[in-house]
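Visitor: I am attaching a structure below and will ask some questions about it afterwards.
Here, each number is a calculation from the coordinates, and none is a lab measurement. Computed from a predicted model, the values in this text were never measured in an experiment. Backbone-built Cβ (ideal geometry, glycine too); neighbour counts: all protein chains shown.
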C-alpha cells in the first residue's frame, strides 16, 4: 500500500482525466440508453437484460439490478479488487498524471500496491522475453513459429517472446529493476530453489496472457527441446492477478471486434488464436490450460451484450479429446443468450494447421456457423447406442430428450424434437415431442432447486440465481405512488440539471419529500451546499453530494438518481417547473389537512388568539395552494 496519502487535487485530476465510459468499455459492451447515458450487462452480477447504466457527462455508473454504483475510481476498485490508492495510481499511469503524496515522500519502489507491482513485473518480463526472441539462443523458437506460418511481425503483434535456458536470467533482470524476491515469487515469474529464486520459465517460447484491460497477468510457455522434462505447455500458476478460469488468451485484441460483431470464436490454443487473427478472424480467443467454463462465459456475455443475435463458435479438434471438450462446453450453453455453434474441420485439423495447409480463406470458412452445439451433442449421444433395438432407441431418447428440452426457443425446441425422432428412427414423432415437453416441464417445475434426475436436463438459465444480491436496505419506495414518482423526478432534475430547478429547489425542506430515502437525498444535497452549486461545475457538485451522504445506502441512491433517465419527453424549464409545483403543492395540501385537523380539535372554547393564528395559517395555505394551481411555477 502507498505510504502516503494521495493529494486530493491529484485524485480529482485523475477523475476528470479518465472518462468513465472509456474505462467501463474495457470490460463490457456499452450501447446508448438515451439521454446521453449508456447501458450494458452488469459485470457485478449475472443478468439477462442490461440494467447497468453509465453517465459519461457525470462520470458515474449505477446498476439498477444490484445497486452497485459510483465513479470511475469506484468501478475500477470493484472490478479489479484494488485499493483506493492502487486504483488512483493505475488510472494516473494511464492518463500520464504524476501523483503527489502527503505525509512523507514518495518512493515508487516501496509504496506501490501489490497488484500494481505484480502488473509492472509482468510488463517488464514480457518486454524482456520479446527482446530475447531476437537472440541466437532463440533460433529454435523462431523456427517453431516459422514452421507454423508466423513471421517476425506476427510474433511482435502478439508479443511472443523467448525465455533463456539459464537458471535466473529473468530473475536477475527484474532484480535490477527494483523488484524484490518476494514479488517475483508471488508473481509466479520465479520459483524457490535451494539458494535463491530461479526463473520459472526456461528455454521456452513465451506467450504473454493479458486480461480484458490489456495488462499482462501471466504467461503460457511452450516446450521446444527434447531434453526439457516439463509439460508441453507450462502456464503461470494461480497468483493474486492470474486465475486461469478467469482469463481468455487474446481477449485484449479481440474484445472490440467481439462487441462490434456480436460474435466470438473460441479455439483451443495460442497458435490457433494467432492463426485466426492473421486470417482475418479477429474475434478468436482461447482458454489458458483449462476447460471453457462459467467465468469465461461471464467475460464473453458482457462483451456480446448477450442478445439473441449473438454467436459463439467453438472450434475443437476432431479427435475424442476435442469432442469431449465440445460436450463440456455444451454443459454451460444455457448460460448464454447467444446461439452456440461448433466448427470441426473435416480432416480434424486445428485452425493453425488448416491455415498452413489451405490458407487464410479456409480458416475464415471454418468458423462460419454451421452446426449448432446442441445438434453436435445430440449426435454424440445417439451414436453411442444401438439404434437397431427398441431398448437402444429408448435409452438414447432418455439421454437426448433433456438436451432438446433445454433449447431456449420453444419453436426451435419442437423442430429439433422432430429431428431427434428422425435421428433415432422413431416414426411416432409426436411421442418424442411429448417426451421432450415432459422434460422441459419438469425443469420448469423444479425451478432450478435441488439435483436433477440422472436423465433430466439441468435447470434452464431463467432459473433464479442462487446467490442473487440482497435488496438494498432502507424503507421501500412505492413507485406506483404519484407523490413518490414526482419526488424522484425532482431529485433527478436537481442532480442532473440543477440549473432547471434552481434557486427554487434549495428552498424546499426535506419534510416536503414523503419517502424517507428521498428526504435523506434532499438533506444530503442541502448538506453539500445546495443544487445551485451544480450550475457552474456539475461533476464537482455530484462528487460533493456523494461525499456528503451519511451512509452507503444514501450514497448509492444519489448515484442511482444521478444516472437514471428522466421520464419527461422534453427536459426543460416547463417540465422542471411542473415537478417543483407538484411536490410543493402536495406538501401544502398535507399541511392544510394537518391545520384543519388542529382547528377541529381546538373547538370553540380555544384561546381566541391561538384560534385566530391557526385560522390565519389555514387561509394563507389555501391561498398559496390556489396560486400554485392557477399560476404553476410562477407562484413558487
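Visitor: Send over the per residue convex hull volume for the chain, Cα only, as a whole number of Å³. Kindly include the intermediate steps, with their values, before the conclusion.
Guide: On the way: hull volume 144.4 nm³, N = 636.
Expressed per residue, the convex hull around the Cα atoms of the chain is 227 Å³.
Visitor: Still on this structure: Would you mind calculating the relative contact order of the range 195-321 from Cα pairs under 8 angstrom and at least 6 residues apart, reporting the percent as a whole number?
Guide: Once divided by the residue count of the range 195-321, the mean separation gives 23 percent.
Visitor: Using a 10 Å cut-off on Cβ atoms, rank the peptides 66-72, 219-225 from the highest mean neighbour count down. Mind dumping the intermediate values first?
Guide: Values: 66-72: 21.6, 219-225: 19.9.
Going by the mean number of other Cβ atoms within 10 Å, highest first, we get 66-72, 219-225.
Visitor: Mean separation of Cα pairs under 8 Å and 6+ residues apart, divided by the residue count of the chain: what relative contact order is that in percent? Before the final figure, lay out the partial values.
Guide: On the way: 995 pairs, mean separation 63.3, N = 636.
The normalised contact order for the chain reaches 10 percent.
Visitor: Then there is this: Taking a ≥ b ≥ c as the square roots of the Cα gyration tensor eigenvalues, with a/c under 1.5 meaning rounded and otherwise prolate when a/b beats b/c, else oblate, which class fits the range 482-635? Display every interim value, and only then the final one.
Guide: Numbers: a/c = 2.58, a/b = 1.89, b/c = 1.37.
Judged from the Cα gyration tensor, the range 482-635 comes out prolate (a/c at least 1.5, a/b above b/c).
Visitor: In addition: Please figure out what share of the DSSP beta bridges in the chain is antiparallel and state it in percent, rounded to the nearest 5.
Guide: Details: 33 of 45 bridges.
So the antiparallel bridges in the chain amount to around 75 percent.
Visitor: Multiplying the sequence separation of residue 185 and residue 361 by 0.36 nm and subtracting their Cα-Cα distance, what value in nm do you get?
Guide: Working: separation 176, 0.36 × 176 = 63.36 nm, distance 4.41 nm.
Net length gain for the segment: 58.9 nm.
Visitor: Hey, can you rank 422-429, 120-127 by average C-beta count inside 10 Å, highest first? Present the calculation step by step, with values, prior to reporting the outcome.
Guide: Numbers: 422-429: 14.2, 120-127: 21.0.
With the highest mean Cβ count within 10 Å placed first, the list reads 120-127, 422-429.
Visitor: At a Förster radius of 51 Å, what calculated FRET efficiency corresponds to the Cβ-Cβ distance of residue 610 and residue 570, to the nearest 0.05?
Guide: Working: r = 48 Å, r/R0 = 0.94.
For residue 610 and residue 570, the calculated efficiency is 0.60.
Visitor: Tell me, in nm to one decimal, what length is gained between residue 537 and residue 78 on full extension, where the rule is 0.36 nm per residue of separation less the Cα-Cα distance? Don't jump to the answer; show the numbers that get you there.
Guide: Numbers: separation 459, 0.36 × 459 = 165.24 nm, distance 2.65 nm.
Fully extending the segment from residue 537 to residue 78 adds 162.6 nm.
Visitor: Could you work out how far apart the two model spin labels at residue 140 and residue 631 are, taking each label as a point 7 Å from the Cα in the direction of the beta carbon, and quote it in nm?
Guide: Calculated label separation equals 9.2 nm.
Visitor: Another question, then. Order these peptides, 369-375, 279-285, by their mean beta-carbon neighbour count within 10 angstrom, highest first.
Guide: Details: 369-375: 17.6, 279-285: 22.6.
My ranking of the peptides, most packed first, is 279-285, 369-375.
Visitor: Averaged across orientations, what area in nm² does the convex hull of the alpha carbons in the range 170-226 project?
Guide: Values: hull surface 19.3 nm².
Seen from a random direction, the Cα hull of the range 170-226 projects 4.8 nm² on average.
Visitor: Normalising by the residue count of the range 1-85, find the relative contact order in percent from Cα pairs under 8 Å and 6+ residues apart.
Guide: Numbers: 113 pairs, mean separation 20.2, N = 85.
Value for the range 1-85: 24 percent.
Visitor: Assuming R0 = 35 Å, what is the FRET efficiency of residue 384 and residue 298, from their Cβ-Cβ distance, to the nearest 0.05? Could the numbers behind the result be given before it?
Guide: On the way: r = 32 Å, r/R0 = 0.91.
Efficiency, from the Cβ-Cβ distance: 0.65.
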